[in-house]
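Scroll down for the structure; my scribbles are underneath it.
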Amino acid sequence: MESTAFLAIDWLHGHLAVAVFIAGVWTVTVLSPGPNLLATLHATARGGARAGVTTAAGIGLGTAIWSGLSLAGLAVLFETVTWAYTAVKLAGAAYLIVIGLKLLFQRGAGAAPIHPARAAPVPGGLRRAFLFGLATDLANPKAAAFFASLFAVSVPAGAPLAFQAGICALVVVIAAGWYALAALIFARPRVAAAYARARRWIERVTGALFVAAGLRLATERS
């Protein structure tokens with residue numbers, strides 16, 4: 001009885017350490033600026049805090065898909081069927097480049113600036129914001145390889161399904177939570193006002209970064 005209790009404590013301690021390790025590595029990764037952050041800030045600028053938070057929710061779903069598929073062995077499939085990985089990678093790169101070009105060359109440079117804190121709701125805007133976040137996250141298949149590597153060195157072999165589901169939920173909460181927080185900060189009146197004054201230049205820089213991210217993804221070796 002006593003030995004069983006000690007085994008249970010050791011099991012909980014070991015799995016808690018795994019969860020803390022994964023949370024730490026993933027938090028550092030999420031905090032690094034990338035397409036997901038750009039997508040969140042862009043959606044916030046165009047549709048306000050609600051649109052930004054909704055985009056973050058879409059990114060969260062994308063994170064759930066990539067992390068879940070990684071635990072299911074998607075990375076191994078990509079390594080075995082290289083053309084499948086290449087096809088997904090090029091499709092994702094094309095999506096990022098198209099989004100970037102739209103921002104770079106969109107019309108209306110002289111239009112009145114949009115103020116994120118006072119942006120009026122647009123019919124279907126939240127749905128588009130959610131799909132925008134989801135598509136941006138799914139555009140990077142390297143996430144599957146990242147999660148596979150992270151889980152391979154941390155998740156114990158034969159870990160219970162409930163524990164694996166908990167790990168997926170953990171990375172989703174971290175990602176969605178950070179991007180939602182970024183959206184709320186960006187929508188604050190002072191930050192939003194600063195954006196409104198330099199909207200066109202910021203959108204051009206954002207577009208260039210999207211294009212750069214797409215080109216990097218397309219040319220990067222797996």
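Things to note:
- Simple spin-label estimate for residue 185 and residue 90 gives 3.9 nm between the two label positions (7 Å along the Cα-to-Cβ direction from each Cα).
- Spin-label pair residue 219-residue 106: with each label point 7 Å from Cα along the Cα-Cβ axis, the two points sit 2.6 nm from one another.
A short reminder: the numbers here are calculations on the coordinates, not readings from a lab. The model shown is predicted, which means the values in this text are computed figures rather than measured ones. Positions of Cβ are backbone-derived with ideal geometry, glycine not excepted, and every protein chain shown enters the neighbour counts.
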